[in-house]
Every structure is written in C-alpha cells, then in structure tokens.
Amino acid sequence: MTSTDAVRPTDHLAVDVIDIVDPSDPRIDDFRDLNSVDRRPDVPALPGGRVGKGLVIAEGVLVAQRMIASRFSPHAFFGVDRRLDELASDLENPALAGVPFYRASAEVMAEVIGFHLNRGVLAAARRPVELSVPEVIENARTVAVLEGVNDHENIGSIFRNAAGLGVDAVIFGTGCADPLYRRCVRVSMGHALLVPFARSQAWPADLDLLRSAGFTTVALTPGEGSVPLAEAVTDDRVAFLVGAEGPGLAEHTMRRCDVRARIPMSRGTDSLNVATAAAVAFYERAR
C-alpha cells in the first residue's frame, strides 16, 4: 500500500482482507513465481518428477468474477486495493466467508509473482474432481472435441468461442494441453472455468460413446471426401472434432466419425487456425 491509497472499510465483505507488506510472507506462496518453470503453482507436475500444486489461477477482475461464479471455488485472492474495490460486490458472496484477500502494493505483488501484473488481482482455486464424458454430454446439444491441440492460447480461444457461440461442452482427446494452465484460463477470459469439459479416458473409443448418445460426429478437415460445413450441422446433437495445427485429426480418428466437413476456402488457402476453424463451425451450428 502507498501513502496515497484511500483504504475503505471492508466489514461488509465476506472475505477477510489481510494486508501484506513483506514479499516473503509464506501466506502468499500460492501466488509465487508464476513464470518459474521449477516452482510455478499452476501445474500438477514439475521438472524432475516432482508433484506440483496444480492450482487454478485467475488473472484480473473479470476472470476472478467468473471463477467465483464457477465450480472452481477460490481459496485465496491476492491484489491491490483498487481491484479489491472493483470486486467488492462479488466479494460479498457468503460462499467466500473467511477466504483471505491478501492486499498488497503493485510493487510487492510484482516481487512475489515475478512480473508486474497490470490486471492487479489474482485468485487461486484447487482443482475439483474432474467431470466425466457422460456427465458433460448428458444435457448437451453441441460439443467440441479436441485431439492433439497442445497450444494453450488455442485452447483458451476455443473455450471463449464455445462460450460465445452456444457450445455446451468440450472434450479432450489425446495429446492436448492442460485447459487449466494459467494462460489457457486467461485467454479464455475465464470461460475455461464455466464451460464444462472432460478428458477422454478411452481415445478414440469414446467417440462411440458420443454416437450412442445420439451425437453426429463431424470431423473438420479440408481433405478429400469432406462435405461443405453447412451440410453437416443440422442434426439434433452434433460433436465437432478439431485437430492440431498442421497435421489435423488422425486418420484413424476420422474413420470413427460420421461425416467429414470442410470450411469453404478461397485464394488457395487450405486451412485456418484451429481456434478460428472451430469458431466458424460453432457459428454455422448456431446460425
């Protein structure tokens, strides 16, 4: 806190506001060294086979608000006084009773996390029990299925697109990056915490589970034998499959799908970025 900060009463908040002046204070260890490969708290496994904390970290007011509204219950906040004020109405939530909000200056925050955070606030949650594929598809009409998508920004963008364009759930097949990695959550604008997702435990056999639940499985590919996308999105329940940048979906995966569909392209372009392609498919489905 600086001498010019106007500190307001916090008695109306459910959280406990605790001022931090020492960057080495162990109470804020869950927010420490966010960029450190060896120590970062948002990964389940650290180099050398060490077990990590595997926390979920939300950055910024909007993402923290979405964490509060999600099943990822925050167990601590860390931020400057200005962000505490901006989150005040959310922090009155009785579900947050007793959760600490560690208030610090921007300089102390930067020393703890390892860089200056313009967004000014962080929230941390422990990972709940993961949902299963049957759970996330039970009431869904449109789902996205990812195979080999290992870029965190693409995954974050797919979640944001899914939230905005009416996709009910995301399923991760083999070779995908962690959707709860800090960058994924940030790029998704917190929607990775709100759109239900599950990891396939039997890939690609779980595609048969989707089909038995009444989903038409649509492999997005520009390859031979694909139909225009608009012809593949009209069934009652649809699952869109997208693959990694470059190689796309594996052939054995596409053989398990009901239809292969392509986005009509021009000027000799053969494909789009995976998050962009997914967004086009989601929009076509919504339209």
Subject >> Residues in the stretch 213-247 that a label on Thr276 would reach, taking backbone N under 14 Å of a point 7 Å out along Cα→Cβ >> reply: 245-246
Original post:
Using Cα pairs under 8 angstrom and six or more residues apart, how large is the relative contact order of the chain, in percent?
Top reply: 18 percent
**OP:** Provide the per-residue ³J(HN,Hα) series for the stretch 145-156, in order, calculated from phi with Karplus coefficients 6.51, -1.76, 1.60 and θ = phi - 60°, each as a whole number of Hz, with x at glycine and proline positions.
**Re:** 10, 10, 10, x, 7, 10, 9, 5, 5, 4, 5, x
Original post:
Under a plain spin-label model, where a point goes 7 Å from the Cα along Cα-to-Cβ, how far apart in nm are Leu131 and His75?
Top reply: 2.2 nm
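Just want the ordering: Glu245, Glu135, from fewest to most Cβ atoms lying within 10 Å of their own Cβ.
Details: Glu245 16, Glu135 12.
The order, fewest Cβ neighbours first, is Glu135, Glu245.
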Subject >> Among Gly49, Gly156, Gly164: highest mean-square fluctuation, GNM of the chain, C-alpha pairs under 10 Å >> reply: Gly49
Subject >> Selection from Gly98, Ala230, Pro74 lying farthest towards where the dipole of the chain points positive, charges on Cβ >> reply: Ala230
Subject >> Listed values (i) -0.35, -0.54, -1.09, -1.28; (ii) -0.40, -0.61, -1.20, -1.38; (iii) -0.49, -0.69, -1.05, -1.14, entry calculated as log10 I(q)/I(0) by the Debye sum over Cα atoms at q = 0.09, 0.11, 0.15, 0.16 Å⁻¹ >> reply: (iii)
**OP:** Pop the C-beta distance of Ser89 and Ser266 into the FRET formula with R0 = 41 Å and round what comes out to the nearest 0.05.
**Re:** 0.30
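In the neighborhood of Arg27, defined by Cβ-to-Cβ distances under 14 Å, what is the net charge if each Lys or Arg adds +1 and each Asp or Glu adds -1?
Details: positive: Arg32, Arg103; negative: Asp16, Asp19, Asp22, Asp25, Asp29, Asp30.
Local charge sum for Arg27: -4.
What's the FRET efficiency of Arg119 with Ala205 using the Cβ-Cβ distance as r and R₀ = 45 Å, to the nearest 0.05?
Details: r = 41 Å, r/R0 = 0.91.
Between Arg119 and Ala205 the formula returns 0.65.
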Original post:
Is it possible to state the helix-based mean residue ellipticity at 222 nm for the chain, with each DSSP H run of 4+ residues giving -39500 (n - 2.57), the sum divided by total residues, to the nearest 500 deg cm²/dmol? What is it?
Top reply: -6500 deg cm²/dmol
Original post:
Could you give the length gained on full extension between Glu153 and Asp16, defined as 0.36 nm per residue of separation minus the Cα-Cα distance, in nm?
Top reply: 46.0 nm
Subject >> Positive-pole candidate from Ile28, Ile137, Leu46, dipole of the chain, charges at beta carbon >> reply: Ile137
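With charges only on Cβ, +1 for K and R and -1 for D and E, what is the dipole size of the chain about its Cα centre, in debye, rounded to 20? Mind dumping the intermediate values first?
Numbers: 30 positive and 38 negative charges, 94 e Å.
Magnitude of the dipole: close to 460 debye.
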**OP:** For the stretch 136-141, just list the computed ³J(HN,Hα) in residue order, Karplus coefficients 6.51, -1.76 and 1.60, θ = phi - 60°, integers in Hz, with x standing in for Gly and Pro.
**Re:** 6, 9, 3, 10, 8, 10
**OP:** Take each of the peptides 53-66, 230-243, average the number of other beta-carbon atoms within 10 Å over its residues, and list them starting from the highest.
**Re:** 53-66, 230-243
**OP:** Would you kindly give the portion of the calculated P(r) for the stretch 16-125 that falls above 23 Å, as a percent of all Cα pairs?
**Re:** 23 percent
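Say R0 is 45 Å: what FRET efficiency, to the nearest 0.05, do Ala110 and Tyr283 get from their beta-carbon distance?
Working: r = 40 Å, r/R0 = 0.88.
The computed FRET efficiency comes out at 0.70.
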Original post:
Counting other C-beta atoms within 10 Å, which of Glu130, Glu284, Glu224 has the fewest, and how do the rest follow?
Top reply: Glu224, Glu130, Glu284
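Here, each number is a calculation from the coordinates, and none is a lab measurement. Everything numeric in this text was worked out from a predicted model, so none of it was measured. Using ideal geometry, Cβ is built from the backbone for each residue, glycine included, and neighbour counts are taken over all protein chains shown.
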